[in-house]
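Just so you know, all these numbers are worked out from the coordinates, no wet-lab data involved. Please read these numbers as outputs of a predicted model, since none were measured by experiment.
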Amino acid sequence: MIENERPTRMKPRPTRSYLVCLVLQSAAAFAILAAIGRAFRTVIDNLGMLHRISLMELGLLAVTLCAFQVVYWYRIRNIEIPEWNSIALGHLLGFASRLSFIFGGALFSVFFLRHAPELSSSEGAIILLPRVAMLLASLFCMYCYSLELERLANMLQSTIGLPPGPRH
């Protein structure tokens with residue numbers, strides 16, 4: 001062995017690593033969607049009131065948002081999407097990609113319409129600042145998740161329009 005060379009560790013198979021990242025991202029996205037669903041029901045059921053959120057729930061949401069971002073950016077930097085082919089699955093994932101972001105957009109709409117009048121006063125804006133930050137972080141995670149599903153869908157559908165046989 002040359003003295004400047006370091007022994008290399010075996011890299012995990014990209015397919016397995018990608019699937020682990022996708023499962024972790026999906027679990028975090030579903031947790032965020034569940035929190036969005038709870039918030040949506042709370043806002044709709046109690047219009048006109050400022051709603052309290054427990055520190056435990058807020059902490060779990062913050063950890064989920066951070067964990068999602070760590071896994072997402074790790075995958076982007078280190079793991080390529082495997083070259084799979086399935087046009088039908090690609091279509092389903094493309095649809096799921098758009099659907100996941102619609103739910104986040106719906107919550108943002110309800111939140112904005114509900115709290116827009118309070119934003120006109122500096123006092124109301126200061127109270128809402130942490131909530132708006134958490135909402136924007138949640139929306140950004142849902143955007144990243146929809147991009148991830150879209151990338152996978154595009155890879156799965158990459159053979160559309162190509163003749164049968166080996167790809168070049």
Whole-Hz couplings from phi, Karplus 6.51/-1.76/1.60, listed for the range 76-85; x for Gly and Pro = 4, 7, 10, 10, 7, 6, x, 8, 9, 9
Taking 0.36 nm per intervening residue step and subtracting the Cα-Cα distance, what contour gain separates Cys66 from Ser109 on full extension?
-> 13.1 nm
